[in-house]
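The values are calculated or read from the model by the stated rules, or taken from the named source; none is laboratory data. Quick caveat, the model's predicted, so the values are computed rather than measured. Cβ atoms come from the backbone with ideal geometry, glycine included; neighbour counts cover every protein chain shown.
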Amino acid sequence: MLGLELRMLGFPDGYLTDFDRAKRVYYAVFGVLGIGLGLYFGYLAFYPSKGKSKRYILGSALLFAVLILCFFALHFALSLRLDRGQGA
């Protein structure tokens, strides 16, 4: 989904607003973090430890929830402060 959103940034003439340029950076950062967490979840699914697996899964799920909340908070904050090309 992030890749599709990144391809749709900007206006048809190629102009990127300040908001679009900022979105490129944080989409890349959150994409890499999401891939890393996905690989970690896959590792936990195939190689669970005997006694601590529930704690690791719960901690990972909480970390993923915090990542999503940070993503939406940053998106909201940037959309309020940066030029989105909305005009006057």
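Numerical summary
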quantity	calculated
Candidates 62, 69, 33, 39, filtered to the one that is part of a helix (DSSP H, G or I), in contact with a helix residue (DSSP H, G or I) (Cβ under 9 Å, 6 or more places away or on another chain) and modelled with pLDDT of 85 or more	33
Single residue of the range 1-19 satisfying the filter (modelled with pLDDT under 80 and among the charged types (D, E, K, R)) that is surrounded by the most Cβ atoms within 10 Å (Cβ to Cβ)	5
Yes/no for residue 22 being over 10 Å from the mean Cα position of the chain (by Cα), at pLDDT 80 or above and closer than 26 Å to residue 4 by Cα	yes
Condition met for residue 49 (assigned to a helix (DSSP H, G or I) and of a type in the set (S, T, N, Q))	no
Answer residue from the range 49-88, given it is within 29 Å of residue 13 (Cα to Cα) and of a type outside the set (A, V, I, L, M, F, W, C) and is surrounded by the most Cβ atoms within 10 Å (Cβ to Cβ) among those	75
Residue 46 vs. criteria surrounded by 13 or more Cβ atoms within 10 Å (Cβ to Cβ), of a type in the set (A, V, I, L, M, F, W, C) and modelled with pLDDT of 80 or more	no
